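Working notes, beginning with the structure itself.
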Amino acid sequence: MIPDQEARDVLVHELDRNMIVDASAGSGKTQSLAMRMAEGIVSGRCEPSRMVAVTFTRKAASELKGRLQLVLEKALRDEVDQARKSNAQRGLDLLDRIFLGTIHSFCSRILRQFPVECGLTPGFKELDELSEARMLSRIYREVFQE
């Protein structure tokens with residue numbers, strides 16, 4: 001048995017609690033999160049289209065999505081309870097409606113949905129890396145000249 005198996009089980013099954021998981025690379029955080037999200041879907045307690053998982057990199061988001069899909073496929077295959085099986089299928093059908101992305105893409109999504117409320121012009125464009133570097137350079141020059 002894994003030494004922290006009890007903590008992993010709490011993470012997956014106690015869906016009424018918010019949790020922070022702090023663990024080293026390769027310790028199973030992504031798998032545990034995929035299992036927690038799948039349990040929320042399969043149990044019927046979470047609506048897939050209202051789920052959000054924010055990561056630091058696009059690669060991590062893609063990996064999480066792939067693992068979530070595998071866990072839902074396993075539930076669809078292995079579940080004997082018809083309601084849970086049906087929920088697993090619904091999760092797979094709505095997998096693309098679950099927001100799995102970076103903090104940057106999550107913030108962009110909110111800003112695009114509510115530009116006026118955020119004080120932005122609708123249809124605004126994000127800076128690319130080169131434009132951002134130029135803007136920051138200009139701002140730094142202006143600040144240091146003052």
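The values are calculated or read from the model by the stated rules, or taken from the named source; none is laboratory data. Keep in mind that this is a model prediction, so the values were computed, not measured. Positions of Cβ are generated from backbone atoms using ideal geometry, with glycine treated the same way; all protein chains shown enter the neighbour counts. When the accessible area is computed, the model is the full protein with side chains, heavy atoms only, and any ligands, DNA or RNA have been set aside. Shrake-Rupley method; radii C 1.70, N 1.55, O 1.52, S 1.80 Å.
Whenever a residue of the stretch 91-106 is open to solvent by 60 Å² or more (accessible area, probe 1.4 Å), its partners that are of a type in the set (S, T, N, Q) and at pLDDT 90 or above, lying with C-beta atoms within less than 9 angstrom and at least six residues away or across chains, give the pairs Arg97/Ser49.
How many of the residues making up the stretch 12-24 are farther than 15 Å from Cys46 by Cα and open to solvent by less than 100 Å² (accessible area, probe 1.4 Å)? Walk me through it before giving the result.
Within the stretch 12-24, the first condition is being farther than 15 Å from Cys46 by Cα, and the residues that meet it are 19-24.
Subsequent filtering for residues that are open to solvent by less than 100 Å² (accessible area, probe 1.4 Å) retains 19, 21, 23-24.
So the count comes out to 4.
Of all residues in the stretch 9-56, which are polar (S, T, N, Q) and closer than 25 Å to Ser108 by Cβ? Steps first, answer last, please.
At the first step, the residues of the stretch 9-56 found to be polar (S, T, N, Q) are 18, 24, 27, 30-32, 43, 49, 55.
Once the filter is applied, which keeps residues that are polar (S, T, N, Q) and closer than 25 Å to Ser108 by Cβ, the stretch 9-56 yields Asn18, Thr30, Ser49, Thr55.
Within the stretch 108-119, not a single residue is surrounded by 15 or more Cβ atoms within 10 Å (Cβ to Cβ) and under 24 Å from Gly28 (Cα atoms). Is it fair to say Arg141 is part of a helix (DSSP H, G or I), of a type in the set (Lys, Arg), within 24 Å of Glu6 (Cα to Cα) and open to solvent by 40 Å² or more (accessible area, probe 1.4 Å)? Spelling it out, it is not the case that Arg141 is part of a helix (DSSP H, G or I), of a type in the set (Lys, Arg), within 24 Å of Glu6 (Cα to Cα) and open to solvent by 40 Å² or more (accessible area, probe 1.4 Å).
Looking only at the stretch 46-56, filter to residues that are within 18 Å of Ser32 (Cα to Cα) and loosely packed, with under 15 Cβ neighbours inside 10 Å; which one of those is modelled with the lowest pLDDT?
Of all residues in the stretch 46-56, those within 18 Å of Ser32 (Cα to Cα) come to 46, 48, 51-56.
Those left that are additionally loosely packed, with under 15 Cβ neighbours inside 10 Å: 52, 56.
Working: Val52: 93, Phe56: 85.
This residue is Phe56.
Looking across the stretch 66-89 at every residue that is surrounded by fewer than 17 Cβ atoms within 10 Å (Cβ to Cβ), in a helix (DSSP H, G or I) and of a type outside the set (S, T, N, Q), the one that is nearest to the chain's Cα centre (by Cα) is identified as Gly66. Checked against (1) under 27 Å from Val12 (Cβ atoms); (2) outside any loop (DSSP other than H, G, I, E, B); (3) β-branched (Val, Ile, Thr), Ile110 passes all but condition (1). Residue under question is Lys59, and the condition is that it be within 15 Å of the chain's Cα centre (by Cα), at pLDDT below 95, part of a helix (DSSP H, G or I) and of a type in the set (D, E, K, R); does it hold? Judged against the criteria, Lys59 is a match. Under 8 Å by Cβ, and 6 or more places apart or on different chains, what pairs join a residue from the stretch 23-52 that is in contact (Cβ under 8 Å) with a residue 24 or more places away in the chain with one that is open to solvent by less than 70 Å² (accessible area, probe 1.4 Å) and of a type in the set (Phe, Trp, Tyr)? Final answer for the pair search is Met51/Phe99; Val52/Phe99; Val52/Phe106. Against the numbered list (1) open to solvent by less than 60 Å² (accessible area, probe 1.4 Å); (2) in a helix (DSSP H, G or I); (3) farther than 28 Å from Arg109 by Cα, Glu6 comes up short only at (1).
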